[in-house]
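The values are calculated or read from the model by the stated rules, or taken from the named source; none is laboratory data. Please read all numbers here as calculations on a predicted model, not as lab measurements. Don't worry about glycine lacking a Cβ; one is built from the backbone with ideal geometry, like all the others, and counts go over all protein chains shown. Keep in mind that these areas ignore ligands, DNA and RNA; they rest on the heavy atoms of the full protein, side chains included. Shrake-Rupley method; radii C 1.70, N 1.55, O 1.52, S 1.80 Å.
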Amino acid sequence: MLVLVANLGSTSFKYRLYDMSNERCLARGAVERIGDAESRCMVSIGDWADERIMSVPDHGVAVEACLDQLTDPEHGVLKDASEVAAIGFKAVHGGRLSGVFRVTAEVLEAMAEMNAAAPAHNPPYIAAMKAMQQRFADLPLVAAFETDFHQSIPAARKEYAIPRDWANEFHIRKWGFHGASHRYIATRTAELLGRDDARVISCHLGGSSSLTAIHHGKSVMTTMGMTPQTGLPQNNRVGDFDPFALPLIIERTGLTLAQTLTRLASEGGLLGLSGRSGDIRDVEQAAEQGDAGSQLALDVFVEEIRRHLGGMLVALGGADAIVFAGGIGENDAMIRGRVCAGLEEFGIVADSAANESLKGETTFHAPSSRTALWVIPTNEEIIVARQTVSALHPA
């Protein structure tokens, strides 16, 4: 069974093609600048790479372009596009629907109900799914919602202290996100430790970041709440924020509520704190050159990670492993080192040399550490591919 896994943006389409008989990635590619006069269509199949410039007005055409490359007579991995069994989507927020579903009118309606909670994610996914349904009527589409992994979180850790009618009628609770990544970390860590009952703290750190406490392979606490805007500071999204500051901002600036939320969602986070960039590499470089705002951004980011890490250590009663994943988690030794510093009393001791020199999937804890420290490159796509197969062939 061949499954195409799609990761969508408002003007982009990234994908991987998996052979699920052995879970081997056969190809990966992307289409950029969808809707512009010219779009880049890229694919990598083994040692062969192809890039084409063409007009791609919508995501349906983007899928056609990628299938055209995948069926290239000389280098392609498909004889015909009909060999693809389904397209799986790493969908974000379904509100009342949290799980893995064949894309239907009901699924699209549930996603649309949460547009206000995930304005950067849900609308482009809905538009793309509709376009693909029209162009590929016989090709099953599957939505694997990021909130699914966090359904196991106890009520005491996912309910807000708000009027119950709001919570019940509008599905307002701490849903949590990055579910595919945290699920992969849970699965892979169990394999590496050789046990299913491990207490794991998964630190998915990147342009968008969250921590999740995992016990017996299930999520029991996470940092993101009702929307992907919450929790840790993101690259340009605010993270946790007091909603009662909004009236003051609106009063003093003259901005509307919508304009204020837009600024918090696009000019907050590392960008807002540093005043320079939301890319942590730029922020670190500026901090090294003495920029105070950039240093503050790094300090806030690290302290927020440590604050939530501490809460998860309490919730789990300790940790057997702390795992770093995502672009920052996998590649930023400075952030990993600062997060783990001074935690010896909790049985967490990093090996500084190992942390600085590591590559790929490996550990960096000292021999005296009671808690294993891992870097595990995440693989959200294979999780979505597995979920897609399960949706097509439910047990």
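Table for the structure above
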quantity: Angle between the chain longest axis and helix 59-70 axis [Cα atoms, degrees, rounded to 10]; calculated: 80 degrees
quantity: Amide H partners (placed H, <5 Å) of H365, local residues excluded; calculated: D351, L373
quantity: Over the range 1-75, relative contact order from alpha-carbon pairs under 8 Å, at least 6 apart, %; calculated: 22 percent
quantity: Tail beyond 21 Å, pair distance distribution of the range 302-374 (Cα, percent); calculated: 17 percent
quantity: The range 1-57: proportion of alpha-carbon pairs further apart than 20 angstrom, %; calculated: 30 percent
quantity: Placed amide H near G9: partners under 5 Å, 5+ positions off or other chain; calculated: K14
quantity: Nearest-0.05 FRET efficiency for A366 and A112, computed from C-beta distance (R0 41 Å); calculated: 0.20
quantity: Kirkwood-Stokes translational diffusion coefficient of the range 202-286, alpha-carbon pairs, 10 °C, 1.306 mPa s, µm²/s; calculated: 113 µm²/s
quantity: Relative contact order of the range 104-213, defined on C-alpha pairs under 8 angstrom at six or more residues apart (%); calculated: 16 percent
quantity: Between helix 292-316 and the chain: long-axis angle, C-alpha atoms, 0 to 90°, nearest 10; calculated: 90 degrees
quantity: Prolate/oblate/rounded call for the range 245-342, Cα gyration tensor, a/c under 1.5 rounded; calculated: oblate
quantity: Accessible surface, 1.4 Å probe, highest first, among residues E381, E146; calculated: E381, E146
quantity: Three-way shape label, the range 1-133, alpha-carbon gyration tensor, a/c 1.5; calculated: oblate
quantity: Karplus (6.51, -1.76, 1.60) ³J(HN,Hα), θ = phi - 60°, over the range 171-178, in Hz, Gly and Pro reported as x; calculated: 6, 9, 7, 7, 7, x, 9, 6
quantity: Mean separation of Cα contacts under 8 Å (6+ apart) over length of the chain, as relative contact order %; calculated: 13 percent
quantity: Structure-based [θ]222 nm, the chain - -39500 (n - 2.57) summed over DSSP H runs of at least 4, per residue, nearest 500; calculated: -11000 deg cm²/dmol
quantity: Relative compactness, the range 141-205, computed as alpha-carbon Rg over 2.2 N^0.38 Å; calculated: 1.37
quantity: Square roots of five times the Cα gyration tensor eigenvalues for the range 95-189, Å; calculated: 26, 19, 10
quantity: Karplus 3J(HN,Hα) series, Hz, for the range 131-144 with 6.51 cos²θ - 1.76 cosθ + 1.60 (x for Gly, Pro); calculated: 4, 6, 4, 5, 7, 10, 4, 9, 9, x, 10, 10, 9, 9
quantity: Residues whose placed amide H lies under 5 Å from that of T230, excluding near-sequence neighbours; calculated: G225
quantity: In order through the range 272-286: 3J(HN,Hα) via Karplus (6.51 cos²θ - 1.76 cosθ + 1.60), integer Hz, x for Gly, Pro; calculated: x, 5, 7, x, 10, 7, x, 8, 4, 5, 5, 5, 5, 5, 5
quantity: For the range 132-243, the fraction of alpha-carbon pairs in successive 10 Å shells from zero, as %; calculated: 14, 37, 29, 17, 3
quantity: Solvent exposure, largest accessible area first (probe 1.4 Å, DNA, RNA and ligands not counted), of F13, F101, F136; calculated: F101, F136, F13
quantity: Max mean-square fluctuation residue, GNM over the chain, Cα-Cα springs under 10 Å, options L26, L298, L246; calculated: L246
quantity: Size-normalised alpha-carbon gyration radius of the range 350-395, reference 2.2 N^0.38 Å; calculated: 1.78
quantity: Relative counts (whole %) of C-alpha pair distances in the chain, using bins that are 20 Å wide; calculated: 26, 58, 17, 0
quantity: Shape of the range 267-395, Cα gyration tensor, a/c cut at 1.5; calculated: oblate
